[in-house]
Amino acid sequence: MPFVTRLTLQSGDGELLDSIVTDIKDRAERKGVQLKGPHPKPPSRHGVPQYKDLSATESFGTWDYTVYTRDIEIIDHNEFARTVAEQEYPDRIYITADIEQYNQTSD
């Protein structure tokens, strides 16, 4: 029964994120790992209010930032997926891993 590991990588630094994803993709190609993606999601914009003091009556305005997201699926190469998921990444990269097991149906 094959396993699919879905990695979601997020960062506020789009260039760094793309370089990390490209490195993962290149390593997968060298090792013959079946990989789908990266699938870019639309960037999400966020705003955080910044207050001048604790009373929250006066504001400096809003701190706006963008989060970039890429999804990668690793098909049935559990050791490679584990290595990628456990790798040390820069603090600006956030990674999550979801693992699904697919049953093959027989006719």
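Less than 14 Å from a label point 7 Å out along the Cα-to-Cβ axis of H39: which backbone N atoms in segment 74-88 qualify, by residue? Residues 74-75 fall inside that zone.
Phi-derived couplings, Karplus 6.51 cos²θ - 1.76 cosθ + 1.60 at θ = phi - 60°, listed residue by residue for segment 89-103: 10, x, 4, 7, 10, 10, 10, 10, 10, 10, 10, 10, 10, 10, 8 Hz, with x used for Gly and Pro. When only the Cβ of Lys, Arg, Asp and Glu is charged (+1, +1, -1, -1), the dipole of the chain relative to its Cα centre reaches about 140 debye.
Take the convex hull of the alpha carbons in the chain; its mean projected area over all directions comes to 9.8 nm².
A DSSP coil position with no more than 14 other Cβ atoms inside 10 Å describes the following GluC sites (Glu not before Pro) in segment 40-107: E58, E88. Cross-link partners of K31 among aspartates and glutamates, defined as those whose alpha carbon lies under 14 angstrom from its own and excluding same-chain residues fewer than eight positions apart: D23, D76, E79.
Rounded to the nearest 10 degrees, the inclination of helix 14-31 to the longest alpha-carbon principal axis of the chain is 10 degrees. As a proxy for reagent exposure, F3, F80, F60 were ordered by neighbouring Cβ count within 10 angstrom, fewest first; the result is F60, F3, F80. With both labels modelled 7 Å from their Cα along Cα-to-Cβ, the T62 to D76 distance reads 4.8 nm.
Calculated mean residue ellipticity at 222 nm for the chain: -8000 deg cm²/dmol, from DSSP H runs with n ≥ 4 weighted as -39500 (n - 2.57), summed, divided by the residue count and rounded to 500. Net charge in the neighbourhood of G12 (other residues with Cβ under 12 Å of its Cβ; Lys, Arg +1, Asp, Glu -1) is -2. In plain terms, the chain is cut at each of the trypsin sites (Lys or Arg not before Pro) found in a DSSP loop with at most 16 other Cβ atoms within 10 Å, and the longest leftover piece is 1-51.
No value in this document is a laboratory result; all are computed from the given coordinates. Only a predicted model underlies this, so the values are computations on that prediction, with no experimental measurement involved. Reconstructed Cβ throughout: ideal geometry from the backbone, glycine too, with neighbour counts over all protein chains shown.
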